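Have a look at the structure below before the remarks.
The values are calculated or read from the model by the stated rules, or taken from the named source; none is laboratory data. Keep in mind the model is a prediction, meaning the values are calculated, not measured. All Cβ positions, glycine included, derive from the backbone under ideal geometry; neighbour counts span all protein chains shown. We work out accessible area using only protein heavy atoms, side chains counted, and drop any ligands, DNA or RNA first. Shrake-Rupley method; radii C 1.70, N 1.55, O 1.52, S 1.80 Å.
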Amino acid sequence: MASAMLSFASAAASASASLPVHENLKGKTKIGSVNFGSSVQERNPFGKTKHFGRVSMTVAVNVSRFEGITMAPPDPILGVSEAFKADTDEKKLNLGVGAYRTEELQPYVLKVVKKAENLMLERGENKEYLPIEGLAAFNKATAELLFGAENPVIKQQRVATVQGLSGTGSLRLAAALIERYFPGAKVLISSPTWGNHKNIFNDARVQWSEYRYYDPKTVGLDFDGMIADIKAAPEGSFILLHGCAHNPTGIDPTPEQWEKIADVIQEKNHIPFFDVAYQGFASGSLDADAASVRLLSARGMELLVAQSYSKNLGLYAERIGAINVVCSSADAATRVKSQLKRLARPMYSNPPVHGAKIVANIVGDPALFNEWKAEMEMMAGRIKNVRQKLYDSLSAKDKSGKDWSFILKQIGMFSFTGLSKTQSDNMTNKWHVYMTKDGRISLAGLNLAKCEYLADAIVDSYHNVS
Amino acid sequence: MADSVFHHVVRAPEDPILGVTVAYNKDPSPVKLNLGVGAYRTEEGKPLVLSVVRQAEQSLVNDASRVKEYLPIVGLAEFNKLSAKLILGADCPAIQENRVTTVQCLSGTGSLRVGGEFLARHYHERTIYIPKPTWGNHPKVFTLAGLSVKDYRYYDPATRGLDFQGLLEDLGSAPSGAVVLLHACAHNPTGVDPTVEQWEQIRQLIRSKKLLPFFDSAYQGFASGSLDADAQPVRMFVADGGECLLAQSYAKNMGLYGERVGALSIVCKTSDVAGRVESQLKLVIRPMYSNPPIHGASIVATILRDKDMYNEWTIELKAMADRIISMRHQLFEALKARGTPGDWSHIIKQIGMFTFTGLNSEQVAYMTREYHIYMTSDGRISMAGLSSRTVPHLADAIHAAVTRAS
């Protein structure tokens with residue numbers, strides 16, 4: 001698709017693709033100014049040019065200042081859905097983006113969300129700017145949900161909470177804080193991790209490196225590698241941890257392993273940095289899914305936690321989340337919060353109100369809160385059922401004796417199948433199953449009816465494609 | 001417990017503009033007046049949600065087929081198309097030739113930030129010229145985006161009007177290709193806009209120096225009451241076939257402040273370039289917040305696509321603009337009646353939500369202390385925060401501040 005769009009001018013630009021983009025552009029404008037007499041530009045600065053016998057010169061006078069810009073590749077995750085939409089085969093299956101689907105493979109708006117929105121409209125609430133840090137009621141509710149309302153960090157007011165644009169936006173604010181206040185500090189991210197993590201740290205100009213996580217041999221956690229790499233990192237590094245339902249693998253440490261992770265983090269004075277995108281969505285229980293965060297905060301450590309309500313409240317497009325910074329004192333929390341605000345203001349001034357009000361209304365009303373918990377259990381339950389059926393289908397269809405039980409051990413929306421890139425391509429090209437190239441499938445996009453078809457595709461790709 | 005890793009993080013001061021409301025909220029005085037943030041207030045001093053916005057929201061909530069799936073990185077497609085048409089005109093050749101890429105962003109601020117980041121990565125001239133003075137957040141947005149910020153003369157305190165000669169000189173001596181920030185209408189904080197003739201001269205200068213215009217359009221329709229009139233300067237530039245960036249906000253003109261709805265448009269020479277530019281904008285957005293919020297954009301699209309709702313909107317918009325213009329006249333008359341020394345005609349000459357009173361920070365501090373008037377220390381007042389009932393109190397405060405012995 002990109003090549004079809006290349007014009008003559010940009011074909012010339014890509015020939016010198018080794019130069020940084022802005023150097024390319026400088027080259028282009030130089031062509032224009034060297035080959036033209038300045039009189040041409042003075043006479044007619046923005047009109048069409050006379051023909052000078054060379055096409056490139058004609059293009060150059062009227063050339064865009066952005067001529068040297070190349071077509072960016074599509075986002076590897078979000079681009080999957082785009083490719084899926086373009087596929088006309090009726091057997092197609094979208095296991096790309098992590099968005100929950102019903103058993104009928106339809107998007108799902110939680111009933112409790114609809115109730116909250118109706119309430120908000122009935123009340124006739126206004127649309128004034130939120131404070132830079134977001135809706136106070138939301139910030140209070142989200143921190144209490146995460147840590148537990150009786151948690152000392154909450155009681156002692158040691159948590160700086162700022163509403164952010166879902167998980168991404170909250171991670172980005174934290175990254176900006178790290179860049180400004182911990183210059184030279186590194187963030188360690190798991191190998192593999194959500195594809196956008198590295199982009200966030202790159203754009204925020206924060207160095208990152210990887211710690212071992214996924215072990216392809218066991219399709220499980222490379223725990224020793226993880227501990228060794230965290231230990232080897234420079235003291236005071238930020239360790240990015242998935243609170244639950246690791247994305248993309250679905251492999252979480254056990255509680256005992258979390259204790260050991262906490263040990264090595266404390267030993268090296270590292271700072272835990274949690275990405276919590278699935279609280280309640282992984283196991284069905286809000287408290288169980290927050291256990292890792294609470295375990296580390298109970299050790300007295302200062303830590304960062306980015307939260308998202310995209311999946312657990314189905315509020316994907318409303319962009320609602322928060323960044324929480326647990327500090328050793330209320331004074332530090334106040335100061336940190338003020339600096340987070342200073343980073344948010346030049347990014348978007350203040351965050352969007354709609355999603356925040358939905359969350360605050362639901363969490364703040366006992367009846368709605370209970371309804372939410374029930375719907376969340378239902379969503380998590382459906383995914384567990386689908387895991388079971390997929391495992392059963394794979395075990396039945398795969399005569400090689402391969403152990404597919406990792407599918408049952410993994411948790412959350414995603415499963416790391418262990419398929420390679422070429423095998424994943426086969427899934428798409430031959431079977432019209434859309435997934436990310438790292439072998440990740442979203443079980444939220446699967447239903448019981450399609451498990452056998454998917455099992456056939458996986459067995460074929462695993463055994464017949466190298 | 002070990003010392004905090006954040007021990008070196010100092011407390012940041014409150015944002016100067018938003019901090020005004022923070023201070024106002026703390027004040028227990030019954031006569032306090034908030035003329036800080038530019039948010040519209042009714043004659044009763046209340047925030048306003050446009051009735052056409054409520055209608056749109058109701059229809060969205062009633063629509064059982066609506067879902068909350070992630071928008072594309074560039075936002076709601078229909079919103080983007082309608083926004084471009086709103087500012088550029090429905091029959092704009094640049095749109096018809098597919099030379100405009102429009103991406104939904106987080107109101108004006110988000111559009112400026114994404115545009116700035118894009119320029120810092122892909123444009124060869126990394127300096128942006130901003131008017132002096134300008135909205136307090138502009139320099140921070142562009143600096144964090146990676147551009148270096150310089151200013152050009154704009155406001156003339158002697159005339160409380162435009163320093164047109166200074167503007168032409170400063171833009172004239174800018175390096176070729178530099179980016180120039182232009183307030184599309186209702187300059188914030190001064191309310192001083194160039195005339196149509198002055199805009200034409202600015203345009204010619206900018207094009208001849210190959211400067212790159214970056215419009216900030218936060219008040220289309222809100223300034224004069226007419227959407228088309230307020231879009232004139234932008235359309236003049238686009239009509240000459242040249243390129244520009246354009247940040248649009250629906251915070252004021254649709255009263256959607258907290259929903260954070262806006263759009264960044266980049267008008268390019270060719271549709272091919274526009275396509276490539278769009279793809280690169282996505283790389284800026286994805287690591288910042290992945291994709292934009294759906295609610296506000298859906299409200300805007302619902303209104304803009306429906307002829308009746310669109311007309312209702314223009315009527316409500318004009319009513320807001322008219323009320324502000326009326327406040328200007330009332331304040332001017334009140335100062336005249338008090339015989340307040342000085343020429344206050346700038347109050348009725350300036351346009352939009354704000355008036356640059358010309359009061360200095362000492363006088364402002366006095367007005368806050370003695371009269372509980374909350375405004376930014378640069379002397380800017382939001383006319384939208386005034387009502388017929390409160391004009392006398394403000395006039396008294398200004399009079400006292402100006403006549404008191406220093």
Of the numbered conditions (1) more than 10 Å from chain A (Cβ to nearest Cβ); (2) more than 30 Å from B:R126 (Cα to Cα); (3) open to solvent by less than 20 Å² (accessible area, probe 1.4 Å), B:L211 fails exactly one; give the number of that condition. (2)
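Restricting the search to region A:202-256, which residues are hydroxyl-bearing (S, T, Y), within 22 Å of the chain's Cα centre (by Cα) and more than 14 Å from every other protein chain (Cβ to nearest Cβ)? Step through it out loud before you land on a result.
So in region A:202-256, the residues hydroxyl-bearing (S, T, Y) come out as A:209, A:211, A:213-214, A:218, A:237, A:249, A:254.
Okay, now just the ones that are also within 22 Å of the chain's Cα centre (by Cα), so A:209, A:211, A:213-214, A:237, A:249.
Passing the criteria: A:S209, A:Y211, A:Y213, A:Y214, A:T249.
Here is a yes/no grid of residues against (1) more than 8 Å from chain A (Cβ to nearest Cβ); (2) among the aromatic types (F, W, Y); (3) in contact with a helix residue (DSSP H, G or I) (Cβ under 9 Å, 6 or more places away or on another chain); (4) open to solvent by 10 Å² or more (accessible area, probe 1.4 Å):
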| residue | (1), (2), (3), (4) |
| --- | --- |
| B:Y70 | no, yes, yes, yes |
| B:E78 | yes, no, yes, yes |
| B:A84 | yes, no, yes, no |
| B:A90 | yes, no, no, yes |
| B:T101 | yes, no, yes, no |
| B:G116 | yes, no, yes, no |
| B:R121 | no, no, yes, yes |
Criterion first (under 18 Å from B:L264 (Cβ atoms), in contact with a helix residue (DSSP H, G or I) (Cβ under 9 Å, 6 or more places away or on another chain) and among the hydrophobic types (A, V, I, L, M, F, W, C)) does B:V238 satisfy it? yes
Complete set of residues in region A:129-138 that are out of contact with any Lys or Arg (no Cβ under 7 Å at 6 or more places or on another chain), touching a residue at least 12 places away in the same chain (Cβ under 8 Å) and open to solvent by 10 Å² or more (accessible area, probe 1.4 Å): A:Y129, A:L130, A:P131, A:A137
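So, in region B:151-170, exactly how many residues are assigned to a helix (DSSP H, G or I), surrounded by fewer than 20 Cβ atoms within 10 Å (Cβ to Cβ) and of a type outside the set (F, W, Y)? If you could, list the steps in order and put the result at the bottom.
Our first condition is that a residue be assigned to a helix (DSSP H, G or I); within region B:151-170, this holds for B:164-170.
When the remaining residues are screened for being surrounded by fewer than 20 Cβ atoms within 10 Å (Cβ to Cβ), the result is B:164-166, B:168-170.
The next check asks that each one be of a type outside the set (F, W, Y); those that pass are B:165-166, B:168-170.
Count: 5.
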Only one of A:D289, A:D222 that is of a type in the set (D, E), in contact with a strand residue (DSSP E or B) (Cβ under 9 Å, 6 or more places away or on another chain) and closer than 22 Å to A:G381 by Cβ: A:D289
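From B:R126, B:R113, B:R121, grab the single residue that is over 20 Å from B:L211 (Cβ atoms) and at pLDDT 95 or above. Reasoning before the result, please.
Details: B:R126 fails: over 20 Å from B:L211 (Cβ atoms); B:R121 fails: over 20 Å from B:L211 (Cβ atoms).
Testing whether each residue is over 20 Å from B:L211 (Cβ atoms) and at pLDDT 95 or above leaves just B:R113.
One line per residue, one yes/no per condition, for (1) under 18 Å from the mean Cα position of the chain (by Cα); (2) closer than 25 Å to B:D193 by Cβ:
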| residue | (1), (2) |
| --- | --- |
| B:I73 | no, no |
| B:L82 | no, no |
| B:A94 | no, yes |
| B:G110 | yes, yes |
| B:P131 | yes, yes |
| B:A145 | no, no |
| B:K150 | no, yes |
| B:R153 | no, yes |
Tell me, please, whether a residue that is in a loop (DSSP other than H, G, I, E, B) and more than 14 Å from chain B (Cβ to nearest Cβ) can be found in region A:257-276. no
Subset of region A:408-449 (residues that are open to solvent by less than 50 Å² (accessible area, probe 1.4 Å), of a type outside the set (S, T, N, Q) and part of a helix (DSSP H, G or I)): A:D425, A:M427, A:W431, A:L443, A:A444, A:G445
Given A:S297, A:S283, A:S310, A:S338, which one is hydroxyl-bearing (S, T, Y) and out of contact with any Asp or Glu (no Cβ under 9 Å at 6 or more places or on another chain)? A:S297
Residues of region B:234-292 being out of contact with any strand residue (DSSP E or B) (no Cβ under 8 Å at 6 or more places or on another chain), among the hydroxyl-bearing types (S, T, Y) and over 27 Å from B:V52 (Cα atoms), which ones? B:T270, B:S271, B:S279, B:S290
Right, B:V180: farther than 17 Å from B:G242 by Cα, in a strand (DSSP E or B) and of a type in the set (A, V, I, L, M) or not? no
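Just to be sure before I move on: is B:A223 open to solvent by less than 10 Å² (accessible area, probe 1.4 Å) and without any contact (Cβ under 8 Å) to a residue 60 or more places away in the chain in the structure I sent?
Working: open to solvent by less than 10 Å² (accessible area, probe 1.4 Å): yes; without any contact (Cβ under 8 Å) to a residue 60 or more places away in the chain: no.
No, not satisfied.
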Exactly one of these conditions fails for B:E14: (1) among the charged types (D, E, K, R); (2) more than 10 Å from chain A (Cβ to nearest Cβ); (3) not in a helix (DSSP H, G or I). Give me its number. (2)
Given (1) of a type outside the set (D, E, K, R); (2) surrounded by fewer than 23 Cβ atoms within 10 Å (Cβ to Cβ); (3) at pLDDT 95 or above, where does B:G136 come up short, assuming only one miss? (3)
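Condition check ((1) buried (at least 22 other Cβ atoms within 10 Å of the Cβ); (2) under 28 Å from B:M320 (Cβ atoms)) across all residues:
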{"site": "B:L181", "(1), (2)": "yes, yes"}
{"site": "B:Q198", "(1), (2)": "no, yes"}
{"site": "B:R203", "(1), (2)": "no, no"}
{"site": "B:R207", "(1), (2)": "no, no"}
Considering region B:238-286 alone, what residues qualify as being part of a strand (DSSP E or B) and at the interface with chain A (Cβ under 9 Å from one of its Cβ atoms)? B:V261, B:I266
Among the residues of region A:84-106, are any touching a helix residue (DSSP H, G or I) at 6+ places or on another chain (Cβ under 7 Å) and facing chain B (nearest Cβ under 9 Å)? yes
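For region B:17-39, which positions are part of a loop (DSSP other than H, G, I, E, B) and at the interface with another protein chain (Cβ under 10 Å from one of its Cβ atoms)? Working first, answer last.
Taking region B:17-39 as the starting set, the residues that turn out to be part of a loop (DSSP other than H, G, I, E, B) are B:17, B:27-32, B:35-39.
Once the filter is applied, which keeps residues that are part of a loop (DSSP other than H, G, I, E, B) and at the interface with another protein chain (Cβ under 10 Å from one of its Cβ atoms), region B:17-39 yields B:I17, B:V37, B:G38, B:A39.
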